[in-house]
1. What are the pairs, 6+ residues apart or on separate chains, where a residue within segment 141-158 that is in contact (Cβ under 8 Å) with a residue 60 or more places away in the chain has its Cβ under 6 Å from a residue that is open to solvent by less than 80 Å² (accessible area, probe 1.4 Å) and of a type outside the set (Asp, Glu)?
2. Of everything in segment 296-313 that's open to solvent by less than 100 Å² (accessible area, probe 1.4 Å) and without any contact (Cβ under 8 Å) to a residue 12 or more places away in the chain, which residue is farthest from residue 222 (Cα to Cα)?
3. Of the residues that make up segment 61-78, is at least one open to solvent by 30 Å² or more (accessible area, probe 1.4 Å) and in contact with a helix residue (DSSP H, G or I) (Cβ under 6 Å, 6 or more places away or on another chain)?
4. Is it true that some residue in segment 132-150 is out of contact with any Pro (no Cβ under 6 Å at 6 or more places or on another chain), open to solvent by 10 Å² or more (accessible area, probe 1.4 Å), part of a helix (DSSP H, G or I) and not aliphatic (A, V, I, L, M)?
5. Restricting to segment 1-17, and then to whatever is part of a loop (DSSP other than H, G, I, E, B) and at pLDDT below 95, can you tell me which residue is farthest from the chain's Cα centre (by Cα)?
6. Do we find a residue being farther than 23 Å from residue 267 by Cα, at pLDDT 90 or above and either open to solvent by 10 Å² or more (accessible area, probe 1.4 Å) or in contact with a strand residue (DSSP E or B) (Cβ under 8 Å, 6 or more places away or on another chain) (or both) anywhere in segment 40-49?
7. Failed condition for residue 208, given (1) open to solvent by 40 Å² or more (accessible area, probe 1.4 Å); (2) more than 17 Å from residue 285 (Cβ to Cβ); (3) in contact (Cβ under 8 Å) with a residue 24 or more places away in the chain, with all others met?
8. When you look at residue 374, is it touching a residue at least 12 places away in the same chain (Cβ under 8 Å) and open to solvent by less than 70 Å² (accessible area, probe 1.4 Å), yes or no?
Amino acid sequence: MAVVSSFLLADRLTEDEILATARRGVRVYVLLASEARLGCEDTDGEFEVRVIEQHLAMLDRLGGHVLFRSASHFHAKVVLVDPHTSPAGMMLTANLTSEALERNEELAVMLAPDEVREAAEFVRWAMWEAAEHELVDPKDRFRAVRPLGEVPHPAPASSLVATTSTTQALRDEALRLIDSASSRILACNFGWAEDHEVVQRLCRQARAGIDTTVLVRVRPSSMPALLALTEAGAKVLGFRWLHAKAIWVDTRQALVMSANFQADGLDQGFELGVRLAGGRASEVFDRLTRWSRGAEWRLSAAPTLGEVNGQVKLWQRGRLVDAAVQPRADLDLGVVTAPSAHELLAPRPALPARTLPLLAQELCCTWTASAPRLAPKSKEVQRPREGEGSPISYVPPVFREPGGRLVVAVRAPDDLEAARALMLEVNAEAIVVGDGAVR
């Protein structure tokens, strides 16, 4: 007997082995998610249309050789062989797809004989009491089935924990592990829900000072939970393809599972997990630690100047936007009019909102200070003569602008020295460039 459970199956080598095994006369049972659910999964590389099409082609190829049973809530991932005679098997976080088996960060646990038997009892119950559809002949496609009503739900097991319609032991074990930590927690998962009790418990431990590191696949749907973890003090490390699901705590205990940290996995559905201790837990720790060192991303809720350089992902209006932080960015703020021509100094103008934020550790702003020009409709103010003589123009000329300001007007840079002296004499407020001036 061979028993396979996976959300979907789309790997040619695995299909070949299943078909060869069935042709040797071995009874092969396969549990899958229903076809209706496949297209509802996030299409972020794990469940692309091409993979789903390969999965459907697999059904046509293996139908008639193996017994398929499916349900919308089937998500457990195990491979079991001869569980009642020569037990062997493994529990995976990976779906049986080429991408999961060759590309993703995934975990698999080789099961001891007693663990194989425990897993087989859960899979047997799910196959006959929780399946919704069955495929025997590929020409008939899937047909609806009812619970057999003869297979009892497994009693609590010593190593295996599950999520089913009857038990949430997997969730309870995750919470127990998190609560048992005294100094350090490592956790990795694909799906995160901010309002789930497991995520909130991780936040609580991080706020309490427990060194908490979580490894995640960078996905928009997970961001609210990941931001909550970051703000609580957890270190959130991001990967492009991570799909493993595990918890390790400093009491040398670990849990490897198929469930995401959300209701559809820990509160409902069909999921399996295996408790690990001692050396097996240490292997989980070693793997998560090694992955942590190679993480491509780290989430920062409020990075400081100079902390970030190079490629980044910005969380903006519910979307992750690719960008890059440069060591330096130059910004030309244009021309600014100085208060007076004899002191061409102008304060930095306001940064234009349309050009910000510029992602740079250093922002170099430049602007040009320009001499002020004589305001239109200004009236010349002339030097009065002693006695009854007519007033004469100042050199350079002096004007009263419409706003009331008294200014000295120059035409060329050579006029500036005389303009400065005249400015003090007549108590003018500024020197400006007059009409016909040479700039």
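1. Going by the 6 Å Cβ cut-off, the qualifying pairs are 142/133; 142/135; 145/131.
2. Within segment 296-313, the first condition is being open to solvent by less than 100 Å² (accessible area, probe 1.4 Å), and the residues that meet it are 297, 299-304, 306, 308-310, 312-313.
Pick out the ones that are also without any contact (Cβ under 8 Å) to a residue 12 or more places away in the chain and you get 302-304.
Values: 302: 18, 303: 20, 304: 24 Å.
So, considering only residues that are open to solvent by less than 100 Å² (accessible area, probe 1.4 Å) and without any contact (Cβ under 8 Å) to a residue 12 or more places away in the chain, the one farthest from residue 222 (Cα to Cα) is 304.
3. Yes: one or more hits.
4. So in segment 132-150, the residues out of contact with any Pro (no Cβ under 6 Å at 6 or more places or on another chain) come out as 132-150.
Next, only the ones that are open to solvent by 10 Å² or more (accessible area, probe 1.4 Å) stay: 132-134, 136-150.
Restricting the remaining residues to those that are part of a helix (DSSP H, G or I) gives none.
The answer is no, given that none of the residues of segment 132-150 is out of contact with any Pro (no Cβ under 6 Å at 6 or more places or on another chain), open to solvent by 10 Å² or more (accessible area, probe 1.4 Å), part of a helix (DSSP H, G or I) and not aliphatic (A, V, I, L, M).
5. Initially, segment 1-17 is screened for residues part of a loop (DSSP other than H, G, I, E, B), giving 1, 6-8, 11.
Subset that is at pLDDT below 95: 7-8, 11.
On the way: 7: 23, 8: 24, 11: 28 Å.
Across segment 1-17, the extreme among qualifying residues is 11.
6. Within segment 40-49 (the criterion being farther than 23 Å from residue 267 by Cα, at pLDDT 90 or above and either open to solvent by 10 Å² or more (accessible area, probe 1.4 Å) or in contact with a strand residue (DSSP E or B) (Cβ under 8 Å, 6 or more places away or on another chain) (or both)), the answer is no, since none of the residues qualifies.
7. For residue 208, the failing item is (3).
8. On the way: touching a residue at least 12 places away in the same chain (Cβ under 8 Å): yes; open to solvent by less than 70 Å² (accessible area, probe 1.4 Å): yes.
For residue 374, the condition - touching a residue at least 12 places away in the same chain (Cβ under 8 Å) and open to solvent by less than 70 Å² (accessible area, probe 1.4 Å) - is met.
The values are calculated or read from the model by the stated rules, or taken from the named source; none is laboratory data. For clarity, every value in this text was computed on a predicted model and none was experimentally measured. Virtual Cβ from ideal backbone geometry, glycine too; neighbours counted across all protein chains shown. Note: areas computed on protein heavy atoms with side chains; ligands, DNA, RNA excluded. Shrake-Rupley method; radii C 1.70, N 1.55, O 1.52, S 1.80 Å.
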